[in-house]
Structure formats: C-alpha cells, structure tokens
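Contents: one structure, followed by commentary.
Please treat every number below as a calculation from the coordinates, not as lab data. Bear in mind the structure is a predicted one, so any value in this text is a computation, not a measurement. In this analysis, Cβ positions are derived from the backbone assuming ideal geometry, glycine residues included, and neighbour counts consider all displayed protein chains.
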Amino acid sequence: MSKLSLFRVGRTTLPILALQVVLWFPGTAAAEGLREAMTAMEASLERLTAAVFRRDLVQVEAAAAALADAPRPDLGYRLWLLGRLGEDAPRFRRYGEALTAAAEDLARKARAGQKAQLDPAYREVLDQCLGCHRAFQTHLGEDRQ
C-alpha cells in the first residue's frame, strides 16, 4: 500500500496532502497566513489610531469593530502556530481574546458617544497588541529589537 493510499478517504487526498505540505514547509504558507492576519490588524490599528486622535467616533467605532473582527488565519497556519507555541498556545489565545474584547469595548464606547472613555479603551487595545508581540516575538520569528 502506498503512502498516498493511507491518506485517501474519498476526495480528501488533496486537502490532506496540502496540509502535510503546509506543516512540512511552515516558512511559506504558514508565514503567509501570519503576514496576512497581522497586515489586516495593522491596517485596522492605523485607522483606529487616526480616528482616536481626531475624536471621530464614527471612524473609531468602524476601525475598532474591524480590528475585533480581523480575519483569522487558515487551518494550516493555526496548526503550525500550535506547534511553534507549544505550552504557550493558551496564553497566545488569551491575548487574542483580550484584544477582541478590548476592541469591541472601544467600539461600544464610541457608539455610545463616550469621548472621555476613548483614551483608556484605546490604551487597552494597544496593551494587548504590544503585550502579545513582546511575549511571542521569539516564538514567531520576530527577533528584531
């Protein structure tokens, strides 16, 4: 029996082989998943920063909501990430959940017209972003200082 036939279940051979390639070569597809997710989050954060600075509540709400609903990487990337993070995976997930909650809170405050609450809520968003990057930069290949 060939190796291919071990993975053949109806029409699932191709997806399983694609998943194997992603896991064997994480520097390509998985790194692209990370890059896409971070690029989308960075763009939302840039829009959010400008909106908070201008006190534009409509744009704060939109940018914070976009950040909270940032695209999630595909399965191949998530499996690669779990392997890279090991026991730290739950902490990484908590940062993601905390970022989502902070961004949703900021969007709610903007929608409610609470301008005085923008700065503390915005700081919480930044704290989650920066905390995650500080905690996981070596795990994810961000070894720059």
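Quick notes on this structure:
- Gain on full extension, evaluated as 0.36 nm per residue between E32 and R54 minus their Cα-Cα distance, stands at 4.6 nm.
- Proxy reagent accessibility, fewest Cβ within 10 Å first, across T138, T39: T138, T39
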